[in-house]
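Some notes on the structure that comes next.
The values are calculated or read from the model by the stated rules, or taken from the named source; none is laboratory data. In this text, all values refer to a predicted model and were calculated from it rather than measured experimentally. Note that we place each Cβ from the backbone using ideal geometry, even for glycine, and neighbour counts take in every protein chain shown. Accessible surface is based on the protein model in full, side chains and every heavy atom, while ligands, DNA and RNA are left aside. Shrake-Rupley method; radii C 1.70, N 1.55, O 1.52, S 1.80 Å.
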Amino acid sequence: MKKYNFKKIEKKWLSLWIKKRLWKVKDSLHHKKKKYILDMFPYPSGEGLHVGHVEGYTATDILTRFYRMNGYNVLHPIGFDAFGLPAENYALKKKKNPSSFVPKNIARYRKQLLSLGFSYDWDREISTTDPEYYKWTQWMFLQMYKHGLVYEKEAPINFCPNCKTGLADEESIGGKCERCETPIEVRFLKQWHIKITAYAERLLEDLEELDWPEHIKEMQKNWIGKSEGYEVKFALTDYPEPLKIFTTRLDTIFGATFIVLSVSHPLIFKITKPDYMMFMEDYVRNELKKEKLGIIDKEISGIFTGSYAINPMNGFKIPIWVSNYVLSGYGTGAIMGVPAHDERDWNFAKKFNLDIIKVIKHSLDEETNADFTSVQCFTEDGILINSDKYSGLTSSEAREQIGAYLISLGLAEKKIYYKLRDWIFSRQRYWGEPIPLIRCNKCGIVPVPEKDLPVVLPKVKSYQPTGTGESPLKNIHHWVRVKCPSCRSIAERETQTMPQWAGSCWYFLAYILKKKQSSKKYKISFDLKKLKYWMPVDIYVGGVEHAVLHLLYARFWNKFLYDLNLVPCKEPFLKLFNQGIILGPDGRKMSKSKGNVINPDDIIKHYGADTLRMFEMFLGPLEVEKPWSSEGIKGIERFLQRVWKLSLWLDKVYKTKRTKLLKNKAKEQELLIALHKLIYEVTQSITSFRFNIAIAKMMIFEETLRRNLENNVYIAKDIFLTFIKLLFPFAPFISQEIWHLLGKKNFLDKEKWPQFNPKLLSSQLTTYIIQVNGKKRGVLEVKADNLSVNEAKKLVQSLPLYKKYLENKTIKQIIFVKGKVINFVLADAKS
RNA sequence: GCCUGGGUGGCGGAAUUGGCAGACGCUACGGACUUAAAAUCCGUUGAUCGCUACGAUCGUGUGGGUUCGACUCCCACCCCAGGCACCA
C-alpha cells in the first residue's frame, strides 16, 4: 500500500486553501456569535519560527477551526511585531538597514506559518513597522500627550550599556537587560514618561474579572504593588515642621523606637546636629553615589542625626537616623522603626543597639514576657500589648482605631502607595516609531499636527547607537530640522524613538480596523461598531515572558482608549492561556550555544506539518514546560500513517459493490457508541485546552476501527467520515485529503462539527467496581441504570468472587454509589 | 526570605475532581514477515513474591489524619521550577 506522501499533498491543499481565500473573515455577520482567537504576534527575527511558536499557534488554530465548524464567526489574525532591538542589532551586525531585511524576515515567517496550515485571515495581516500602522501608534501617543499622560523628566533610569539605551523598569529583569541580559546601569537621563501610575488602581482592580492563569495575575498584582496604610506626622524636638512617615502597620506604633530617613530625604541637613554633620555629609555623599551607580548594598549601614522625634501615641522621645535601607523613591522616604515587628528594623536595631519594644503577641493566651532582651522579631498580625488602651485589640482593629484617633488630631491620613512606576517611553535607538513631538525654542514642546502623521522614520545608512543618551536620529539633520507647527520658526524634531512594546499595545485592534486597499496598501480607521462586535479578545495564547511587559502595557493602553470612547471594553483580553516552553531533548532550555535547538523547518521536511502540529499537542498539557522528544514524534507519524492506510482500505471497500465484509448490526451499534463517546471526549478536550487527551482518544478509536476491519466487520462510511472531521483541526492536510479521497468534494472547513447523541452515550453498559473493604475484587457490568442495592447484591452473589471473599462473612454495610461502585464492608474488618 | 505552581513507571504524561492508579505515546525486550536489514504487524513492559492456569502483597515526594474507600481532602515536613526581592 502506498505511504502517505505529505510533501505533495500538503502543497496541493495549501495552494487551494489560499486560492479559495477560505479563512477570510467578514465583519458583516453581526447576527452571528463571534470568537476572537488571538496569538501573540511574532517578532520576525533572522532565525525564523521556533517550535515554541508552533505550539501556541497550533493550539489556537485547533480552537479556531473547532469554533468555526461550530458555527462561530471566528477572527483569527496574525501580524508582525517588527520594530525593536533584536532586528536592529541584527541589522547592525550585517551592516544593513533594518527596513531592507525586515520584510524578508516577515516573508519567511509568513511562508512558515502558511506551510503549517494555520488558518489565519491573511487579509488582516499587519506589521507594526508599516507607516500606516505606526501613524496610529503615534496618534495614540499624541492623545496621551494631550491628556497630560506624557511628561519629560530627568531621572535615574535603567540603562543597558550593550543595547545603549534607557529601559523601562519592566525591562529590567533581576537587574539585567530583558533582551541581552547585560547587567543594567543607572544613568541620569532626560526621558519621556507615560503616567501608567494614573491607572494603577484600575489595572489592579480589573484583574479580578479576567480568566487568566493565577500566577500571571499574581505577578501583575505584585508588580503594581499596592499598599494601603497611613502617613503619620511625628513632631520633632528641635525643628518646627513635623516629619511624615508612611506605614502599613499603624498597629505597631507603640513599638516605634526610632525613625529612619532615606539618604535623599530633604530634612537631613536641616535637623542633623553640628556634632554629626561631618559624618553625615560623608555618609550621604557616599550613599548617593552608590545609588547613582545602581549599587545595592546588602549590608545595612546608618548614621544618627542627633535629633529626636516624639511618638504621637506614647510621647516617647525617639532618635532619628539616616540609613541606606530606606528607599527614597517610595512612600515619604521616611519610616518609623519597629524592630520587634519588622525584620529590617530588627536588624538595624540590633546593629546599632536601639530599643526594642514588643507590642504584638501571637494570640490571646500567649504569656507576655516583660524581659525585652529575649524578644523575637514577629512580623505577622496578632493581639496588641504594651499599647496603652489599645492593648487587647487585634492588629486590624487597632489600625482602624489608632488611625481614626490620629486622623481626628490631624496627625495622620490614609494613604495608598504603589510600587508601579511611570513607564519610561523613550529609547535612544533607531529602529522604532519616532516620537511625534517637536522642540521649539519659543513654544517649547509642540506636538506634531495629526494631519502630518505619520512622522516617518528616515531611511539612513548609519544609525549606530551613540551610547551617550543621544538618539542616532539626532545626526540626520535634514530630518531633525523642521518648522514649528505653531510659530513657524525653525525647530527640531524629538529624536528618540518609542520602545518595542508600543506597537504591540493595540495590534489586536488593528486587525479589526484594517481596510485592505491593494495587496500592499491598507488603511486603518477607528470604527466603534466593528470593535464592539469583535472585542474583547476571547482567547489569547502566548508565552509567559510577557506577564508584566506586554500584557500590562496593552491593558493600560486599552484602558486609555476606552476612556476616550474609542474601544468598547475595559479589558482587552478576557481569557489568557500561557503555553509552556518546549525544552530541548536534553531537558534544558533550547539555545544555540547548547546545540539543542529543534528547528521546525527540519521537522516539517522530515515528517510534514500535520505530524509536527499533532506531536507538539501530544507532548503534554499546553501550559506545562516539557522536553522535545525526537523519538516520540514517531508515534504520531505512525498514527497518521495508520489512519491513511485505513482510509485507503476503506476507500476500496466502498468502491467495490460486493464486499466480503460483514454488516453486523450489533457491532455497528457498538462502533456508533464508541464514535459518539469519541465526539464527546474530543469536544470536551478541545474546549478545555487538553489537546493531548483528544489525540489519545482518537488513537484508541483508530485501533478500534482497525480491529473491526481485521475481523471483517463492515464500517459505515459516515462513522469514518465523522472521525476524519474530528481529526481535521489537529491535522488539516491529511484529513482534507482523506475527505477528498472518500468522494467528498467540499472543504472540511465548511463542514459542521459532529454532535454527540446523549442517548447513545447513556445506553452503554455501566461498569460497577466491586470492592470488599475498599479493595477492588471485581467488576459488574449491568445494563439497567437504576439498579437498587438489593438487586446489586443478588447480582454479586452470582459472581465467582462472592464465594471467595464474601461467603460466610458478616456484611456490616454496603456502600452503593450509583453507576460507580459497590463496596462490601465486613464486620471483622480492621477496628 | 516572600508569593505562585508542581512532585505519579526507564521517559513524556492519563485518572470524568473522593470510586478499577499508570490511559495514550516513546523506549526496552520477545515474536511474525524478510536471504538480510529497514519499515510494518503481534505480544510483554510499576515493584516483589507465586513464578503453571487462577493469584497475593506493596505502590502516586515523606510522616500523620479524615473516610467504607485518598494521586485526589486536612495538618506538618522535604525537594524541584518560575516570579519578586530592602516597597516599611
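Quick look at the numbers
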| quantity | calculated |
| --- | --- |
| Mean Cα-pair separation over length for chain A, i.e. relative contact order, pairs under 8 Å, 6 or more apart, % | 14 |
| Theoretical gain in end-to-end length, A:Lys605 to A:Leu327 [0.36 nm per residue, Cα-Cα removed] | 94.4 nm |
| ³J(HN,Hα), Karplus 6.51/-1.76/1.60, whole Hz, each residue of the range A:556-565, x for Gly, Pro | 4, 4, 4, 5, 4, 5, 4, 5, 7, 6 |
| Whole-Å semi-axes of the range A:479-527's equivalent ellipsoid (Cα gyration tensor) | 31, 16, 11 |
| Rounded Å value of the spacing that divides the Cα centres of the range A:6-37 and the range A:43-65 | 17 |
| Degrees separating the helix A:6-19 axis from the principal Cα axis of chain A, which is the longest one | 70 |
| For the range A:637-654, Karplus couplings with θ = phi - 60° (6.51, -1.76, 1.60), whole Hz, Gly/Pro x | 4, 4, 4, 5, 4, 5, 4, 4, 4, 4, 6, 5, 4, 5, 4, 4, 4, 6 |
| A:Gly580 long-range amide H proximity, modeled H, under 5 Å | A:Glu623, A:Val624 |
| Solvent exposure ordering (accessible area, 1.4 Å, most first) of A:Lys589, A:Lys226 | A:Lys589, A:Lys226 |
| C-alpha center-to-center spacing [the range A:304-349, the range A:113-146] in angstrom | 52 |
| Net charge dipole size for chain A [Lys, Arg +1 and Asp, Glu -1 on Cβ; Debye, nearest 20] | 5960 |
| Hz values of 3J(HN,Hα) by residue in the range A:597-605 - Karplus curve (6.51, -1.76, 1.60), Gly and Pro given as x | 7, 9, 9, x, 4, 5, 5, 4, 4 |
| Gained length - A:Thr810 relative to A:Leu528, 0.36 nm times residue gap less alpha-carbon distance | 94.0 nm |
| Relative contact order (%) - criterion: Cα under 8 Å, at least six apart; region: the range A:1-123 | 37 |
| 1.4 Å probe accessible area per residue over the range A:378-452, in Å² | 47 |
| Contour minus Cα-Cα distance for A:Ile300 and A:Glu623 (0.36 nm per residue) | 112.1 nm |
| Antiparallel DSSP beta bridges within chain A, as percent of all bridges there, nearest 5 | 75 |
| Rounded to the nearest 20 debye, dipole of the range A:205-244 from Cβ charges on Lys, Arg, Asp, Glu | 300 |
| Heavy atoms of A:Ile719: accessible area, 1.4 Å probe, square angstrom to 10 | 10 |
| Estimated D of the range A:663-709 in µm² per second, where Rh is the Kirkwood radius over Cα pairs and Stokes-Einstein applies at 10 °C, 1.306 mPa s | 142 |
| Mean shadow area of the range A:1-119, taken as a quarter of the surface of its Cα convex hull (nm²) | 10.0 |
| For the range A:346-501: span of alpha carbons on each principal axis (Å, largest first) | 79, 36, 27 |
| Pairwise label distance in nanometres, A:Asn711 with A:Arg285, each label 7 Å out on the Cα-Cβ vector | 9.4 |
| In nm, spacing of pseudo-spin labels at A:Lys660 and A:Ile769 (7 Å Cα→C-beta vector) | 4.4 |
| Kirkwood-type radius of the range A:451-562, with distances r between different C-alpha atoms, in Å | 17.6 |
| Cut-off under 5 Å, modelled amide H: who pairs with A:Thr165 long-range | A:Cys160 |
| Distant-in-sequence amide H partners of A:Glu433 (H built 1.01 Å from N, under 5 Å) | A:Met498 |
| Calculated over the range A:114-235: convex hull of Cα atoms, volume per residue (Å³) | 242 |
| Order of exposure, largest accessible area first, which applies to A:Cys163, A:Cys487 with probe 1.4 Å | A:Cys487, A:Cys163 |
| Theoretical FRET efficiency, 1/(1+(r/R0)^6), r = Cβ-Cβ of A:Ser762 and A:Lys111, R0 51 Å, to 0.05 | 0.55 |
| More than 23 angstrom apart: percent of Cα pairs within the range A:603-716 | 40 |
| Whole-number accessible area per residue in Å² for the range A:1-101, which is evaluated in the context of all protein chains at 1.4 Å | 43 |
| Accessible-area ranking of A:Lys135, A:Lys514, A:Lys93, A:Lys104, largest first, probe 1.4 Å | A:Lys93, A:Lys104, A:Lys135, A:Lys514 |
| Average accessible area per residue (Å²) across the range A:552-627 - probe 1.4 Å, nucleic acids and ligands excluded | 39 |
| 5 Å binning of all Cα-Cα separations within the range A:195-342, expressed as whole percents from 0 upward | 2, 9, 16, 18, 16, 14, 11, 8, 4, 2, 1, 0, 0 |
| Fraction of antiparallel bridges per DSSP, the range A:744-825 only, in percent to nearest 5 | 75 |
| Rounded to the nearest 10 Å², the accessible area of A:Arg706 at probe 1.4 Å | 50 |
| Distance from the range A:212-229 to the range A:617-645 (C-alpha centre basis), Å | 36 |
| Carbon + sulfur, % of accessible area of chain A - ligands and nucleic acids excluded, 1.4 Å | 52 |
| Rounded to the nearest 10 Å², the accessible area of A:Phe425 at probe 1.4 Å | 0 |
| Nitroxide proxy distance, nm - points 7 Å out along Cα→Cβ at A:Asn222 and A:Cys443 | 4.7 |
| Size descriptor, Kirkwood hydrodynamic radius, that averages inverse alpha-carbon separations across chain A, Å | 32.3 |
| Degrees between helix A:717-727 axis and first principal axis of chain A (Cα, 0 to 90, nearest 10) | 20 |
| With Cα atoms, 0 to 90° folded angle of helix A:274-293 axis to chain A main axis | 30 |
